[in-house]
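Structure, as structure tokens:
The values are calculated or read from the model by the stated rules, or taken from the named source; none is laboratory data. Note that the structure is a prediction, hence the values are computed from the model and not measured. Note: ideal-geometry Cβ built from the backbone for every residue, glycine included; neighbour counts use all protein chains shown. Side chains included, ligands, DNA and RNA excluded: accessible areas come from the protein's heavy atoms. Shrake-Rupley method; radii C 1.70, N 1.55, O 1.52, S 1.80 Å.
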Amino acid sequence: MAKEEIPNKKFISLLDLIERLGQVDMRFFQHRSGGAVRKMFLLLGQMVKAGVVEKMKANTFGLLTDEVCDITNIEQLVTFTKFVDVNFNQATTQFIAIDDLLKDSSSANATTIKDTVMKQLQECGLDVKRLSGLATDGCSVMTGKRNGVSSQLCQESPLLLNVH
């Protein structure tokens with residue numbers, strides 16, 4: 001549904017269609033409230049993420065990350081990964097995480113961003129030593145030579161190449 005940009009409101013109709021087409025087990029699925037649909041999407045997202053992370057563990061990988069404000073003015077760190085998918089022998093970019101930067105900090109400084117990136121990698125079970133690339137927007141918080149996110153991450157992963 002996400003690939004085809006179909007609104008979440010159509011999910012219930014999709015379930016009804018699957019049931020009408022003969023998928024017998026769907027008639028037992030009666031939880032179609034907004035909360036149940038949200039839980040299903042989160043579960044599906046976790047399954048997709050687990051597959052992506054499993055492919056990443058075999059290779060070195062890069063991160064594409066940036067801080068953005070959402071509609072409620074919450075400072076978010078959005079992180080994508082780029083790695084070579086050995087099944088298709090091509091570079092692949094996949095979304096892996098979004099986190100509130102100001103949840104545990106009062107400032108979205110380089111240390112907070114670096115700690116958030118490290119937490120994202122740890123939650124995925126990824127080794128920071130395999131991190132070989134970092135792509136950012138080029139602001140001084142991300143690319144500062146002494147205290148930027150890239151220089152702090154270089155201390156964790158000496159092979160890191162920073163690109164903006």
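Observations on the structure shown:
- Applying a threshold of 9 Å to beta carbon distances and a minimum spacing of six or more residues, or different chains, the list of pairs starting in region 101-123 at a residue that is touching a residue at least 24 places away in the same chain (Cβ under 8 Å) and ending at one that is polar (S, T, N, Q) and in a loop (DSSP other than H, G, I, E, B) reads 101/107; 109/147; 110/147; 111/105; 111/147; 116/105.
- Taking the criterion of being closer than 23 Å to residue 141 by Cβ, open to solvent by less than 60 Å² (accessible area, probe 1.4 Å) and of a type in the set (Val, Ile, Thr), the residues of region 75-109 that qualify are 78, 79, 81, 96.
- Considering (1) exposed (fewer than 15 other Cβ atoms within 10 Å of the Cβ); (2) closer than 17 Å to residue 116 by Cα, the lone condition that residue 62 does not fulfil carries the number (1).
- When the residues of region 129-145 are filtered to those that are open to solvent by less than 20 Å² (accessible area, probe 1.4 Å) and either in contact with an Asp or Glu (Cβ under 8 Å, 6 or more places away or on another chain) or in a helix (DSSP H, G or I) (or both), the one that is farthest from residue 73 (Cα to Cα) is 131.
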